[in-house]
Amino acid sequence: MIGPRRLCPTPAPLGPALDQSLRTVRDSTRPGRGILWMLVAMALFIGLDTMAKYLSQSYPVLQIVWARYFFHVLILGTFLAPRLISLLRTNRLGLQILRSIFLLGATGFFFTAISFMPLANASAIMFVSPLLVTALSTPLLGERVGPHRWASVVVGFVGAIIIIRPGSAAMEPAALLALGAACSYSLYQITTRRLAGVDRPLTTLAYSASVGTLVTGFGVPLVWVPPAVEAWIGFVMLGVLGAIGHFALIKAFETAPAATVTPFSYSSLIWATLLGFVVFDELPDGWTVFGAVIIAASGLYIVHRERVRKLAGAEPR
């Protein structure tokens, strides 16, 4: 589930037209279309995760992570080649690199986790990420978090503990990798907020894709396994699914308010369960489903509180 994805702020677009559209405030929105775009985006992202899990049965995770970034960069380069040099000009180089490292860490942790555990279980744990963002927004961003949202964070972590079940025979050590992915992804979202208004969205996207490609490029020769023809197709599909998925996510936030479309990001749990069963014959157990419902309910309540606060113009509660 990783790339820039799911409950993060509106991602950067894939070309000049989308870049301009995100700077334009629309007079009207289309909630139905926005929801549809979000559902499509989540299906594509879970398709990407499914492909990564399938490839991990025969190829090193580092090689898969490299392919995910390399082919995404290749696709972006096709659209952005005339502007590439100007896009790399940044006002916060250190923060751009740090953000990109957090995203790379989330991808690496998550791809490693799903190589050992069911896709639906890992995806459910990843939804701890927005709860972590809420918890970290006070010390790292100086935002005030009220008692209602703190309660939601605590309840969400209870859901994660139910899924991981530390100390029990049912605990999967790989679940800690999924939790590491959620932590890394939450820091990625925090640094993304810090960059808002500092650099252009396309600059931020260019750095996240480029840094991932460069860093993995140094290590991938050490673990390289010559891919079969069908594996090359899978590697290319990682980039294609990521690029199209981000396009769909952009369209979702462009077409409808974030508060309208964000709850539908939890549809990825359904996609993960379906594809996990069809492709890998995996089904989450009852405790995992129970924990996932708790995490989803906590996240949705935080979205609800944000909506109430904005409508009332009041302090967080």
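Values in this text are rule-based calculations from the coordinates and carry no lab data. Because the structure is a prediction, the values reported are computed rather than measured. Here the Cβ positions follow ideal geometry from the backbone for every residue, glycine too, while neighbour counts run over all protein chains shown.
Placing R0 at 51 angstrom, the Cβ-Cβ distance between Ala151 and Phe218 gives a FRET efficiency of 0.70 after rounding to 0.05. Of all the options Gly239, Gly299, Gly77, the one that moves most in a Gaussian network model of the chain with Cα springs shorter than 10 angstrom is Gly77. For the range 97-214, build the charge dipole from Cβ charges (+1 Lys, Arg; -1 Asp, Glu) around the Cα centre, then report which of Pro118, Leu179, Gly146 sits farthest towards its positive end. After comparing all options, I get Gly146.
Largest GNM mean-square fluctuation among Thr138, Thr191, Thr255, using the chain with Cα springs under 10 Å: Thr138.
Dipole check for the chain: with +1 at the C-beta of Lys and Arg, -1 at the C-beta of Asp and Glu, and the Cα centre as origin, the magnitude is about 1100 Debye. For the range 84-172, the square roots of the Cα gyration tensor eigenvalues, ordered a ≥ b ≥ c, give a/c of at least 1.5 with a/b no greater than b/c, which places it in the oblate category.
Residue by residue through the range 107-124, what is 3J(HN,Hα) from phi via Karplus (6.51 cos²θ - 1.76 cosθ + 1.60, θ = phi - 60°)? Round to whole Hz and write x for glycine and proline. Result, ordered by residue: 5, x, 4, 5, 4, 5, 4, 6, 6, 10, 9, x, 4, 5, 5, 5, 5, 5 Hz.
Between Asn91 and Ala228, what FRET efficiency follows from the Cβ-Cβ distance if R0 is 35 Å, with the result rounded to 0.05? Don't jump to the answer; show the numbers that get you there.
Numbers: r = 44 Å, r/R0 = 1.27.
Computed FRET efficiency for Asn91 and Ala228 comes out at 0.20.
Please say if the range 100-233 is rounded, prolate or oblate, where rounded means a/c under 1.5 for a ≥ b ≥ c the square roots of the C-alpha gyration tensor eigenvalues, and otherwise the choice is prolate for a/b larger than b/c and oblate otherwise? Here the range 100-233 falls in the oblate category. Per-residue extension of 0.36 nm, minus the Cα-Cα distance of Glu143 and Val198, leaves a gain of 18.0 nm for this segment.
Put in line by how crowded their Cβ is, counting other Cβ atoms within 10 Å and starting with the fewest, Met42, Met117 read Met117, Met42. Count Lys and Arg as plus one, Asp and Glu as minus one, and take only other residues whose Cβ is under 13 Å from that of Asp285; the net charge is then -1. Go ahead and set up a Gaussian network model of the chain, Cα springs under 10 Å, then flag whichever of Val155, Val293, Val198 fluctuates most. Maximum fluctuation in the GNM of the chain, among the listed residues, is at Val198.
Between (i) 33, 60, 7; (ii) 32, 57, 11; (iii) 36, 60, 4, which entry matches P(r) over Cα pairs in 20 Å bins from 0, in percent as derived from the coordinates of this structure? After the calculation, the listed value that fits is (i). In plain terms, the residue of Asp281, Asp49, Asp199 with the fewest other Cβ atoms within 10 Å comes first and the most crowded comes last, giving Asp281, Asp199, Asp49. Going from the fewest other Cβ atoms within 10 Å to the most, the residues Glu230, Glu306 appear in the order Glu230, Glu306. One decimal place: the segment Leu283-Arg307 gains 5.2 nm when fully extended, by the rule 0.36 nm per residue minus the C-alpha distance.
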